[in-house]
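Okay, here's the structure, questions in a sec.
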Amino acid sequence: MKILYPGTFDPLTNGHLDLIKRAEKIFGNVVVAVLENTSKNPTFDLKRRIIQINKSISHLSNIKVISYEGLTVDCAKDVNANLILRGLRAMSDFEYELQIAHTNKSLNSQIETIFLSTNTNFSFLSSSLVKEVAKFGGEINHMVPKAVESDLKEYFKNN
């Protein structure tokens, strides 16, 4: 079985990585789909985010990283995935994620959304929070994989 895990991953956090590992155990094949969202101004460009993810998952065997634009359900169909993975950190995430799941179901009734709650160790993490901590020189090695940590430190050193 194949599951699509979409997101902007700007940057990938240990919470994201935890979900990828757990999804691989449950579903076998995971396609991490990195969204090129033209309405956002990401810290890292699409190519850099894909490199960060590939470095962070190099020890895993059934993960493929791709990029996509447009609708997530179209991406799922393109990679032959009939499941979409979404992570939940707190109850506050649930309402938004449920709305997205219902929208996706209305667009393609063949695709199901699976919610996994994050490990409690990562429930406070968000990409925005990680960038804020890194910006002010805080320690982020427990929040992100090493490849992301070094890129964030370099980015904020130069900007």
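Calculate the length of the line joining the C-alpha centroid of region 81-115 to that of region 136-159, in whole Å.
Spelled out, the Cα-based centre of one part sits 30 Å from the other.
Okay, moving on. Restricting to Cα pairs below 8 Å that are 6+ residues apart, what does the relative contact order work out to for region 1-99? Please round to a whole percent.
36 percent
Please compare each pair in 55/105; 25/131; 2/105; 25/55; 21/135; 2/64 to a cut-off of 22 Å on the Cα-Cα distance and tell me which ones are over it.
55/105; 25/131; 21/135
Amide H to amide H, which residues 5 or more places from residue 117 or on other chains are under 5 Å from it, using H placed in the peptide plane?
88
Report, in debye and to the nearest 20, how large the dipole of the chain comes out about its Cα centre when Lys and Arg carry +1 and Asp and Glu carry -1 on their Cβ.
Once rounded to the nearest 20, the dipole reads 340 debye.
Just 56, 106, 39 to compare: in a GNM of the chain, with alpha carbon springs under 10 Å, which one fluctuates most?
Checking each option, the largest mean-square fluctuation is seen for 39.
Between residue 62 and residue 133, what is the label-to-label distance in nm when each label sits 7 Å out along the Cα-to-Cβ direction?
Those two pseudo-labels are separated by 3.1 nm.
So what are the three principal axis dimensions of the chain from its Cα atoms, in whole Å, longest to shortest?
46, 32, 30
Further question on the same structure: If the viscosity is 1.002 mPa s and the temperature 20 °C, what Stokes-Einstein diffusion coefficient in µm²/s follows for region 40-110 when Rh is the Kirkwood radius over Cα pairs?
149 µm²/s
The numbers here are math on the coordinates, done by the rules we state, and not lab data. As the structure is a prediction and not an experimental result, all values here were calculated from the model. Glycine gets a Cβ as well: all are built from the backbone with ideal geometry, and neighbour counts include every protein chain shown.
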